[in-house]
Amino acid sequence: MKQKIIDEKKYPKKCANCFYGRTPLDNSSVLCEKKGVVDPESKCRHYQYDPLKRIPPKPLPAMEFTAEDFTL
């Protein structure tokens, strides 16, 4: 059985993250080498995950601590 490289629940298949998809400047569609212009949330049988195209979530804001927070 083929081992999955990525967790599909955490990183769902979509053309915006595909190796064959190119995102134009407007980000409303994806130009696919195989299918043409498609919706960024769609997928096809040629899907190949490209980790460099995934946009990571924004980090949480830094918390500010005082000296009282570290005293017992």
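Nothing in this text is a laboratory measurement; each read-out follows from the coordinates by a stated rule. Keep in mind it's a predicted model, so treat the numbers as computed, not measured. Note that we place each Cβ from the backbone using ideal geometry, even for glycine, and neighbour counts take in every protein chain shown.
If R0 is 22 Å, the Cβ-Cβ spacing of K43 and M63 corresponds to a FRET efficiency of close to 0.05.
Of the labelled figures (i) 4.9; (ii) 5.8; (iii) 9.0, only one reflects mean projected area of the Cα convex hull in nm² as derived from the coordinates, namely (iii). Build a GNM of the chain with springs between Cα atoms under 10 Å apart, and of R22, R45, R54 the one that fluctuates most is R45. The label-point distance for F70 and S28, in a model that sets each label 7 Å from Cα toward Cβ, rounds to 5.2 nm.
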